[in-house]
Amino acid sequence: MQVSELKSGQKARVISLKSGDKSYRERLIALGLIPGTLFTVSRVAPLGDPIQILVRGIALSLRKAEASILQIECLT
Amino acid sequence: MNKNVMLALVGNPNCGKSTLFNALTGARQRMGNWPGVTVERKSGCFTQAGKVMEVVDLPGIYSNLLTEAALDERIAVDFILAREANIIVNIVDASQLERHLYLTTQLLEMGVPLVLALNMMDVAAKKNIQIDIKKLSDALGCPVAALTASKGGGVSELKQMLITQPVVARKPMPQHAALQQAVQALAQHAGSEWLAMRLLEGDAYAERQVSSDVLMQVREQQALIEQTTGEEADILLADARYRFIQATLAACVTRKAEAATLTSRLDNIVLNRILGIPIFFFTMYLLFVFAINIGGRLQDVFDIGSQMIFVEGFARVLSQADAPLWLSSLLANGMGRGISTTLTFIPVLGCLFLFLSLLEESGYMARAAFVIDRIMRVLGLPGKAFVPMIVGFGCNVPAVMSARTLESKRDRILTIMMTPFMSCGARLAIFAVFTAAFFPRHGQNIVFTLYLIGILMAILTGFLLRTSILKGEPSPLVMELPPYRLPSVAVLLQHTFQRLKGFVYRAGGLIIPISMLMGLLNGAGDTQSLLAMLGQKLTPIFAPMGIQTDNWPATVGLMTGVLAKEVVIGTLNTLYSQAAGLSQHFDGQIGAFSYLLFVLLYFPCVSTMAVMMRELHRGWTIFSALWMTGVAYGTAVVFYQAATFMRHPVSSAGWILSVTLLFFAVIAFGRWYAREDKLVSITPAGESA
């Protein structure tokens, strides 16, 4: 499952990261979006993209297409 | 013994680094750029117990892993990895320790002398977070200072701590067995365990330190790790760090459950599906009103004042001293006007920078980018690029400067190339005079059409650049939405002042010499001046867009308009003095509109050029000037020839055809040039690698 399929308020867990753009991947890793990490979708931007997630106490915004390197599972 | 101690301030974005920098160094600061690049380098110093401590404020980073990250981050990482600093002061937000300590763990792995500065202790206390400083210091193996830098709390204790140079007590983090084996296998070839670990993580800096043989072994070990554990090495390493952080926090930090914060409640309104966009546009409108209206009012005062002193004052002194005309033109109409032009930007720029700093420091800028990102993506730009576009309608100078807030160089270049097409206030003044003379009934439609053409040309330019020289997507978005914060007035004023100072020095350095040249050419400003003669010579070039030979003042107007576009009208008024107004001199409405088209699109004014030079490279500035003038000429000619087609169908068809062909030839050349992969020659050497 991918981040773009989540709705506002849903909780999810990271399963894996694809290689994709190296600096993007390393940035996500540095911010703690690694396998096993839980996060919540706080909201979707007014025009449908990007989305805001809450991970390890920080609010991050990610574009749906770019965040597709994350494989996730929905928990709610 | 008296050698200076070099401190580097390192931390995530939004950790209060600048505030601590100010608290440490006070007024003893130097602003400059990092060598060869346009990233601000802030340094300063303070004296503690007789020792001079030099402080370098590094750009905010999330990780010290070197990838093809944004330019300013790369500078920070390079500086840290080159171990140029004697001590690293790692600033972390005490209220968001989990995320901020990630960088700390990486710095500890490096084994550099490190002091951890826990900033924003007040915010943490408000969130009911209690930190056992002693335990944390023991767990991490480095000195820890508690700070509230915004109120100056703990700064003197930190300074004391820095004097007793921190010892490096590196505690290895528990690692996955497979990873440990790989590190040990590589360490003897790589030179150290740290380097081996970094190689496994895929750090570009480490890869530069070793031979290709070692790199081969690294690839083998990486594959082996993935085989045995099912995860890649970089993830295992990050996982180990986060596990270590969580264990440390569990032992040293207690936090009680917190209620919904002010930030999340505010975000429910500011980022609301329905309200988000109106709030965004309202804020941009406020920015515009604040900079252009309020700053503009003050600008008039500045303008009159500085004109009186530097132009008329100089002229009076010089005429009393019986100075020759050329000297008076050079000093009063040249240098004086140049100084005056530079100074009159201060109110508008000051207001703009103040508002922009407020948006940045308060945390709204990230929200604005979040809301508008989707729209800007259509133009191949990130959300933040909206600000320069909006500001451009007021004045292109602050617009170009506000592109600084964009992280990636590609996005900055693209934005700066597009902004001068936004029709600024000075151009509106010209449009107003012309429409009053030529289009008394539908003036507003004409002006609106011109604005639209400007926007379309900006989009076209952006599109052409994106599909040739500046290929690629806008930099991927991983943006933190920081908690809202009430910024301190001192920090806002300081940001504003520093940016203004940069403008006055750099832009003034170009505006003043060009003004002097123009002053000299213009002489007494009459029909006998060099400029007038030059204008007469050049006018035939503009014949295809409807400027007849006897209308050479129109050409002179375009030339002086390079100085500042509003000067066009002044020049025309002086040179047309005998005749009865504008309407006699142009080929009716068609001629007037094609002239306005040219004025809208041609050569950015000297001041805009000056800031472009400051923000980008000379090559891009020249490209912008040539491209804009070319587009202006082409558009004006095609319009004029199409509108007067019936009068001379053959030559009109010829002109339209050749302009169109030339346009496509230029595009084809651009694509060919880009395909040759010569990007390096366009970006300055220091920034291309």
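The values are calculated or read from the model by the stated rules, or taken from the named source; none is laboratory data. Note that the structure is a prediction, hence the values are computed from the model and not measured. Because the Cβ atoms are built from the backbone with ideal geometry, glycine has one as well, and the counts that use them run over all protein chains shown. Surface accessibility is based on the protein's heavy atoms, side chains included, excluding ligands, DNA and RNA. Shrake-Rupley method; radii C 1.70, N 1.55, O 1.52, S 1.80 Å.
Quick notes on this structure:
Here's the yes/no breakdown for (1) surrounded by 20 or more Cβ atoms within 10 Å (Cβ to Cβ); (2) out of contact with any Ser or Thr (no Cβ under 9 Å at 6 or more places or on another chain); (3) of a type outside the set (Gly, Ala, Ser):
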{"position": "B:406", "(1), (2), (3)": "yes, no, yes"}
{"position": "B:412", "(1), (2), (3)": "yes, no, yes"}
{"position": "B:428", "(1), (2), (3)": "no, yes, yes"}
{"position": "B:432", "(1), (2), (3)": "no, yes, no"}
{"position": "B:448", "(1), (2), (3)": "no, yes, yes"}
{"position": "B:456", "(1), (2), (3)": "no, yes, yes"}
{"position": "B:466", "(1), (2), (3)": "no, yes, yes"}
{"position": "B:471", "(1), (2), (3)": "no, yes, yes"}
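- The condition of being away from every other protein chain (no Cβ under 14 Å), assigned to a helix (DSSP H, G or I), surrounded by fewer than 13 Cβ atoms within 10 Å (Cβ to Cβ) and of a type in the set (Asp, Glu) holds for only one of B:300, B:322, that being B:300.
- For the range B:265-291, the set of residues classified as part of a helix (DSSP H, G or I), crowded, with 16+ Cβ neighbours inside 10 Å and within 12 Å of another protein chain (Cβ to nearest Cβ) consists of B:267, B:270, B:276, B:277, B:279, B:280, listed by residue number.
- For the range B:543-560, the set of residues classified as outside any loop (DSSP other than H, G, I, E, B) and touching a residue at least 60 places away in the same chain (Cβ under 8 Å) consists of B:544, B:545, listed by residue number.
- Any chance residue A:73 is open to solvent by 20 Å² or more (accessible area, probe 1.4 Å), facing chain B (nearest Cβ under 9 Å) and in contact (Cβ under 8 Å) with a residue 24 or more places away in the chain: no
- Subset of the range A:51-70 that is at the interface with another protein chain (Cβ under 9 Å from one of its Cβ atoms) and of a type outside the set (A, V, I, L, M) - its residue that is surrounded by the most Cβ atoms within 10 Å (Cβ to Cβ): A:61
- Residues that are out of contact with any helix residue (DSSP H, G or I) (no Cβ under 7 Å at 6 or more places or on another chain), farther than 18 Å from residue B:461 by Cα and surrounded by 13 or more Cβ atoms within 10 Å (Cβ to Cβ), drawn from the range B:652-678: B:653, B:654, B:658
- Residue-level check: of (1) under 12 Å from the mean Cα position of the chain (by Cα); (2) at the interface with chain B (Cβ under 8 Å from one of its Cβ atoms); (3) open to solvent by less than 20 Å² (accessible area, probe 1.4 Å), residue A:33 misses just (2).
- Residue in the range B:351-393 that is nearest to the chain's Cα centre (by Cα), counting only those that are of a type in the set (Val, Ile, Thr), open to solvent by less than 20 Å² (accessible area, probe 1.4 Å) and within 14 Å of chain A (Cβ to nearest Cβ): B:372
- Of all residues in the range B:590-626, those being assigned to a helix (DSSP H, G or I) and open to solvent by 40 Å² or more (accessible area, probe 1.4 Å) number 6.
- For the range A:54-70, filtered to residues that are free of Cβ contacts under 8 Å to residues at least 60 places away in the same chain and assigned to a loop (DSSP other than H, G, I, E, B), the residue that is farthest from residue B:255 (Cα to Cα) is A:63.
- Which numbered condition residue A:22 misses (of (1) of a type in the set (Lys, Arg); (2) out of contact with any helix residue (DSSP H, G or I) (no Cβ under 7 Å at 6 or more places or on another chain); (3) closer than 25 Å to residue B:96 by Cα): (3)
- Of the criteria (1) at the interface with chain B (Cβ under 8 Å from one of its Cβ atoms); (2) surrounded by 15 or more Cβ atoms within 10 Å (Cβ to Cβ), which one residue A:48 fails: (2)
- The condition of being assigned to a loop (DSSP other than H, G, I, E, B) and at pLDDT 85 or above holds for residue B:381.
- Residue match in the range B:204-227 (condition: buried (at least 21 other Cβ atoms within 10 Å of the Cβ) and within 14 Å of another protein chain (Cβ to nearest Cβ)): yes
- For the range A:3-22, the count of residues that are among the basic types (Lys, Arg), assigned to a helix (DSSP H, G or I) and within 8 Å of chain B (Cβ to nearest Cβ) is nonzero.
- Residue check for residue B:239: under 21 Å from residue B:387 (Cβ atoms) and within 14 Å of chain A (Cβ to nearest Cβ): no
- The residues in the range B:33-54 that are over 18 Å from residue B:495 (Cα atoms) and modelled with pLDDT of 80 or more can be counted, and the count is 10.
Conditions tested, residue by residue: (1) assigned to a strand (DSSP E or B); (2) surrounded by fewer than 24 Cβ atoms within 10 Å (Cβ to Cβ); (3) among the aliphatic types (A, V, I, L, M); (4) in contact (Cβ under 8 Å) with a residue 60 or more places away in the chain.
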{"residue": "B:53", "(1), (2), (3), (4)": "yes, yes, yes, yes"}
{"residue": "B:83", "(1), (2), (3), (4)": "no, yes, no, no"}
{"residue": "B:90", "(1), (2), (3), (4)": "yes, no, no, yes"}
{"residue": "B:98", "(1), (2), (3), (4)": "no, yes, no, yes"}
{"residue": "B:108", "(1), (2), (3), (4)": "no, no, yes, yes"}
{"residue": "B:116", "(1), (2), (3), (4)": "yes, no, yes, no"}
{"residue": "B:122", "(1), (2), (3), (4)": "no, yes, no, no"}
{"residue": "B:136", "(1), (2), (3), (4)": "no, yes, yes, yes"}
{"residue": "B:145", "(1), (2), (3), (4)": "yes, yes, yes, no"}
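- Here residue B:252 meets the list (1) within 29 Å of the chain's Cα centre (by Cα); (2) crowded, with 20+ Cβ neighbours inside 10 Å; (3) more than 14 Å from chain A (Cβ to nearest Cβ) almost entirely, failing just condition (1).
- Annotation: residue A:38 fulfils all but one of (1) more than 11 Å from chain B (Cβ to nearest Cβ); (2) over 17 Å from residue B:239 (Cα atoms); (3) open to solvent by 30 Å² or more (accessible area, probe 1.4 Å); the unmet one is (2).
- Filtering the range A:14-53 to residues that are in contact with a Ser or Thr (Cβ under 7 Å, 6 or more places away or on another chain), of a type in the set (D, E, K, R) and touching a residue at least 12 places away in the same chain (Cβ under 8 Å) leaves A:25, A:43.
- Top-ranked residue in the range B:216-247 [being assigned to a helix (DSSP H, G or I) and acidic (Asp, Glu); ranked as farthest from residue B:186 (Cα to Cα)]: B:239
- No other residue among B:179, B:186 is of a type in the set (A, V, I, L, M) and either surrounded by fewer than 16 Cβ atoms within 10 Å (Cβ to Cβ) or within 29 Å of residue B:135 (Cα to Cα) (or both) apart from B:179.
- So residue B:306, is it more than 25 Å from the chain's Cα centre (by Cα) and either within 14 Å of chain A (Cβ to nearest Cβ) or of a type in the set (S, T, N, Q) (or both): yes
- None of B:460, B:481 is under 30 Å from residue B:639 (Cβ atoms) and either within 14 Å of chain A (Cβ to nearest Cβ) or under 27 Å from the mean Cα position of the chain (by Cα) (or both) except B:460.
- Residue-level analysis places residue B:223 among those that are small (Gly, Ala, Ser), at pLDDT 85 or above and more than 35 Å from the chain's Cα centre (by Cα).
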